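Visitor: The structure that follows is given in the form of structure tokens.
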Amino acid sequence: MTRTRSGAGPGPDLDHVEAWVFDLDNTLYPASSDLFGEIDRRMGEFIAAALEVDGAEARRIQKAYFRDYGTTLRGLMTNHGTNPVAFLEYVHEIDMSPLEPSPALAEVLSRLEGRKIVFTNGSAEHAGKVMDRLGIKEHFDGVFDITAAGYRCKPDPEAYRALIRDHGLAPRTTAILEDLPRNLAPASALGMTTVWVRNDTIWAEFDHGRGPVESFIDHVTDDLVGWLQGIVATRAEGRR
């Protein structure tokens, strides 16, 4: 399913987008691979060991921090002084074999005009491994990770401002694609065009329905490759 929200805000038409900002986990790769499920499990293990709690309490803390701070890591840093490097290294030490290469995504990215940047609450090292596995790394101009953001994370508006500064982005000609609705709200406020890459994971639906999601989402799709193919085709048609 792909659609454009009626009554969309004053962001640019997609024909004029000059930079594409992609979230990584459950956006650039299908949530069905359950790669992030493995990361989620390792977060729980890290918390249980670091805070000396059982699995159930670790899970409660993990989800409470995700809800209240945007990421579990930010909550751990704020409340427990957790070393972010140690956390990121542990949770991203995962088996990449469930993730299949995506020639179709690589092909459409190669034809999509404009700069392409990954914006992730994870690490650049993890992003690099994922992009290598998908076969799409060569099509990206950079990765803006949680370290580059000074360990501020989406949806903290400062993380988006840092992204804009570091990569010289013009928000009105930038589109951002995300699987988490709340991470699109700050981007919309800054003037970016927002695209919700919807899936049925617990993370994607975590805060859907708690607020006026429609007010800051311009486009919705559950088929990233198909949606991008449509953009490429529309732009090509416009030149004829």
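Visitor: Pairs only if they're at least six apart or on different chains, beta carbon under 9 angstrom, first in the range 34-45 and within 15 Å of residue 100 (Cβ to Cβ) and surrounded by fewer than 17 Cβ atoms within 10 Å (Cβ to Cβ), second among the polar types (S, T, N, Q) and at pLDDT below 90; list them, first residue then second.
Guide: Close Cβ pairs satisfying both conditions: 34/201.
Visitor: Residue under question is residue 67, and the condition is that it be among the charged types (D, E, K, R) and more than 15 Å from residue 122 (Cβ to Cβ); does it hold?
Guide: Working: among the charged types (D, E, K, R): yes; more than 15 Å from residue 122 (Cβ to Cβ): yes.
In short, yes.
Visitor: Additional query: If you scan the range 12-40, which residues turn out to be hydroxyl-bearing (Ser, Thr, Tyr) and more than 22 Å from residue 59 (Cα to Cα)? Show your work before the answer.
Guide: Taking the range 12-40 first, the residues hydroxyl-bearing (Ser, Thr, Tyr) are 27, 29, 32-33.
27, 29 - these are the residues of the range 12-40 that are hydroxyl-bearing (Ser, Thr, Tyr) and more than 22 Å from residue 59 (Cα to Cα).
Visitor: Hey, another quick one. Quick check on my filter: what residues within the range 160-184 are assigned to a loop (DSSP other than H, G, I, E, B), touching a residue at least 40 places away in the same chain (Cβ under 8 Å) and surrounded by fewer than 17 Cβ atoms within 10 Å (Cβ to Cβ)? Working first, answer last.
Guide: Initially, the range 160-184 is screened for residues assigned to a loop (DSSP other than H, G, I, E, B), giving 168-170, 179-180.
This time we only want the ones that are touching a residue at least 40 places away in the same chain (Cβ under 8 Å), so: 169-170, 179-180.
Listed by number, the list holds a single entry, 170.
Visitor: Any idea which of 46, 22 is in contact with a helix residue (DSSP H, G or I) (Cβ under 8 Å, 6 or more places away or on another chain), at pLDDT 95 or above and of a type in the set (Phe, Trp, Tyr)? Outline the logic, then answer.
Guide: Details: 22 fails: in contact with a helix residue (DSSP H, G or I) (Cβ under 8 Å, 6 or more places away or on another chain).
Checking each option against the conditions leaves just 46.
Visitor: Out of the range 25-43, which residues are modelled with pLDDT of 95 or more and in contact with a Leu (Cβ under 7 Å, 6 or more places away or on another chain)?
Guide: 27, 28
Visitor: So is residue 99 in contact (Cβ under 8 Å) with a residue 40 or more places away in the chain, assigned to a helix (DSSP H, G or I) and under 18 Å from the mean Cα position of the chain (by Cα) or not? Lay out the reasoning, then the answer.
Guide: Values: in contact (Cβ under 8 Å) with a residue 40 or more places away in the chain: yes; assigned to a helix (DSSP H, G or I): no; under 18 Å from the mean Cα position of the chain (by Cα): yes.
Considered against the rule, which asks whether it is in contact (Cβ under 8 Å) with a residue 40 or more places away in the chain, assigned to a helix (DSSP H, G or I) and under 18 Å from the mean Cα position of the chain (by Cα), residue 99 comes out as no.
Visitor: Check the range 110-130 and report whether any residue there is within 23 Å of residue 194 (Cα to Cα), aromatic (Phe, Trp, Tyr) and either at pLDDT below 95 or part of a loop (DSSP other than H, G, I, E, B) (or both).
Guide: Checking the range 110-130: not a single residue is within 23 Å of residue 194 (Cα to Cα), aromatic (Phe, Trp, Tyr) and either at pLDDT below 95 or part of a loop (DSSP other than H, G, I, E, B) (or both).
The values are calculated or read from the model by the stated rules, or taken from the named source; none is laboratory data. Nothing here was measured: the structure is a model prediction, and the numbers come from that model. Don't worry about glycine lacking a Cβ; one is built from the backbone with ideal geometry, like all the others, and counts go over all protein chains shown.
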